[in-house]
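Contents: one structure, followed by commentary.
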């Protein structure tokens, strides 16, 4: 009996055992289809854009784009779902496009994309179960029979899960990948391959103790015809332990040990220990402590960092909350030694007042002491968090930043934003400010990650004191809001500040809003008095939204703000944005939608205006879906104009 027959006999026996334990209403059969679905359809797009100055057409671009889509999904089982479940997903996607521009030859592009994904689940009800997966994709690009690109991806994987009362859940995953990109027109080929092996062990005891071990080994290989082969390996092991001392007070201790190593041109490794202790001393008092020790090892040296933070909270009569925080950080390397101390105390008072209102008062005092000794060198800031909003202009935390090295990403680091589209930068002496642009991809009041390179001064001392005060009133169950805020930062015994921003400032202002039924309006004013970047900012917003007769939805929003740098020959900026939306539903399956947006921006004497809009119609008849829209865009400055008009249509049939 060969190995294949032995395996099939074993799997069949285990399936019968699982079936006896939990039949689930399924009958034993050689093969049975459980689900089958998919869709087929076509999409088409036409567009034209013109660029011109006051007298001359500079360029005109015309595009057409047609796409076909066919997707199929199925789920079935062999013998019994406890034995073998199969999932098959396939898609076919042809794309045809044409491009025409003034002064350039017209060309057409043909793209054919195919994908097949197979997965299986074996013995899912048994202590030992398995999963397999195969993902194959192929795409071909042909540009007027002049250039041709072929890309093939092959990914294979398998996993095993073992459940045991002693060990807990043990999962082993292995994935291998291969791909190549071939340019037939010039005869070049790029091959990439790699694999990843992962082990995950998790165990819990009595809902109080939980531990998780995760280990990863990964290899990556790249081979190009004109380059040497490049290989890299990555290893990571992390152990996380969480223990709750008691059920009632939720006191717990969490420990994490993480080791990371990567080898490529030069190897790098990192080891960190993070411990956190949370104690609920009583119903009114909480105490939290964190300690982190890390070592970043490199070929020519290492960086050792020790961090400790202690945070205490006390609540009195549910109206007065007091906090205290102490932090310490020590960093050592071959070229720098840095010590940071942070102290902060705060009080938050909340009181019910007449007219269904609340009074909120908050004050925080913080002190920071930083001592740095080292060599003057280039400093790299990696993914430092900044919060951007329409109400603030944010100063980057270092001087002498190389502007061309600034990279702004979203909070996960997976998306890079574009300057003058998503955000704008202002150079103020040796410093740089950043501000989000409405209409870009950065949402209002969100966190971004900013990386850059700056010149670092070797020796410096920072001793700063900061006071923050906020007082606010809400009335009529949050219909009316009013807040006053004041912030002040001073320095004491500070020396040789080049690396960090020595920013003496006072910031004060107010904000108010009214929200009632379909109306919402707000106003904010801030004055920032500083020796470095003094400015004033006024922003205002009006929003109307609601429903009419249950089948009409409307939304009208107006937002404006004015920014002025308070210094001789400073910068003044004013922005306005008006957006509107009107949707009418004939019934649950037919809907028409109108949107329009007007933007205006003026920086000193430079003006820019742009207007955009869309009309769309959606319908659904049985399993048939239909969508069409028309888009337009107009933008002009003192030097040029841009006009765009385009539309698309799509028809899909689901089954």
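Return a yes/no flag: does the stretch 426-433 have any residue that is modelled with pLDDT of 85 or more, surrounded by 15 or more Cβ atoms within 10 Å (Cβ to Cβ), touching a helix residue (DSSP H, G or I) at 6+ places or on another chain (Cβ under 8 Å) and over 25 Å from residue 579 (Cβ atoms). Yes, the stretch 426-433 contains at least one residue that is modelled with pLDDT of 85 or more, surrounded by 15 or more Cβ atoms within 10 Å (Cβ to Cβ), touching a helix residue (DSSP H, G or I) at 6+ places or on another chain (Cβ under 8 Å) and over 25 Å from residue 579 (Cβ atoms). Scanning the stretch 108-147 for residues that are over 33 Å from the mean Cα position of the chain (by Cα), free of Cβ contacts under 8 Å to residues at least 40 places away in the same chain and more than 20 Å from residue 182 (Cβ to Cβ) yields 108, 127, 128, 129. Report whether or not residue 342 is farther than 28 Å from residue 313 by Cβ, in a strand (DSSP E or B) and in contact (Cβ under 8 Å) with a residue 24 or more places away in the chain. Against the criterion (farther than 28 Å from residue 313 by Cβ, in a strand (DSSP E or B) and in contact (Cβ under 8 Å) with a residue 24 or more places away in the chain), residue 342 does not qualify. Per the conditions (1) within 32 Å of the chain's Cα centre (by Cα); (2) outside any strand (DSSP E or B), the sole criterion not satisfied by residue 175 is (2). Being exposed (fewer than 15 other Cβ atoms within 10 Å of the Cβ) and touching a helix residue (DSSP H, G or I) at 6+ places or on another chain (Cβ under 9 Å), is that true of even one residue in the stretch 368-386? Looking for residues that are exposed (fewer than 15 other Cβ atoms within 10 Å of the Cβ) and touching a helix residue (DSSP H, G or I) at 6+ places or on another chain (Cβ under 9 Å), one finds at least one in the stretch 368-386, hence yes. Examine the stretch 92-114 for a residue that is closer than 27 Å to residue 172 by Cα and either at pLDDT below 90 or surrounded by fewer than 17 Cβ atoms within 10 Å (Cβ to Cβ) (or both), and state whether such a residue exists. Looking for residues that are closer than 27 Å to residue 172 by Cα and either at pLDDT below 90 or surrounded by fewer than 17 Cβ atoms within 10 Å (Cβ to Cβ) (or both), one finds none in the stretch 92-114, hence no. Looking at the structure I just gave you, is residue 373 in a strand (DSSP E or B), closer than 30 Å to residue 345 by Cα and modelled with pLDDT under 80? When the stated conditions are applied, residue 373 passes them. Does residue 33 satisfy the criteria of being under 30 Å from residue 628 (Cβ atoms) and loosely packed, with under 12 Cβ neighbours inside 10 Å? So residue 33 does not fit the description; no.
The values are calculated or read from the model by the stated rules, or taken from the named source; none is laboratory data. This structure is a prediction, so every number in the text was calculated from the model and none was measured. Neighbour counts run over all protein chains shown; Cβ positions are idealised from the backbone, glycine included.
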